[in-house]
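Written out below as structure tokens is the structure these notes cover.
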Amino acid sequence: MYKNILAAVDGTVHGTAVLDAVAFLAKASGATVHVVHIRPLQVVGGAFVLSTVNSVEEDGDGQLVVDEALARLRGEGIAAEGEVDVGLREDLAEILVDRSRALGSDLIVVGPGHYGGISALLHSSVSRGVARIAPASVLLVHSEA
């Protein structure tokens, strides 16, 4: 079935649902899991103002998300490694796909987008972007949130 699964986690209930699915698949197939959290950056400023890049989350938050995911997976007997990457919001899908290529992942597991209404028009969907450009299978995990 699968040998190397990349799990994208974000510290929300969507990330928990991703871990539920990944744990099930990894146990069934004996796969190794690579947990990735991307610490999103955003550009603040505009055409007439000097632009700066700011982090959307606090230092250490991303590592805590990864550490908790690894503890859960390893506690269930699953071989797991993890990392925190940093990137602009609009590059998140490409970053995940690039990591999956580098790791030789045969499955990428992501949660649904978090934006609704007008925000969905302003922010690209990471899950849709991953599905569009991924060289491997993609599993979009739905959560009740």
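Backbone phi angles across segment 65-79, fed through the Karplus curve with coefficients 6.51, -1.76 and 1.60 (θ = phi - 60°), yield HN-Hα couplings of 4, 5, 4, 5, 5, 5, 4, 5, 4, 5, x, 9, x, 9, 5 Hz in residue order; Gly and Pro are listed as x.
Each of 27, 3 has its accessible area taken with a 1.4 Å probe; listed largest first, they run 3, 27. Compactness of segment 61-111, taken as the C-alpha radius of gyration over 2.2 N^0.38 Å, stands at 1.23.
The values are calculated or read from the model by the stated rules, or taken from the named source; none is laboratory data. Please read these numbers as outputs of a predicted model, since none were measured by experiment. To get the accessible areas, we keep the full protein, side chains included, count just its heavy atoms, and leave off ligands, DNA and RNA. Shrake-Rupley method; radii C 1.70, N 1.55, O 1.52, S 1.80 Å.
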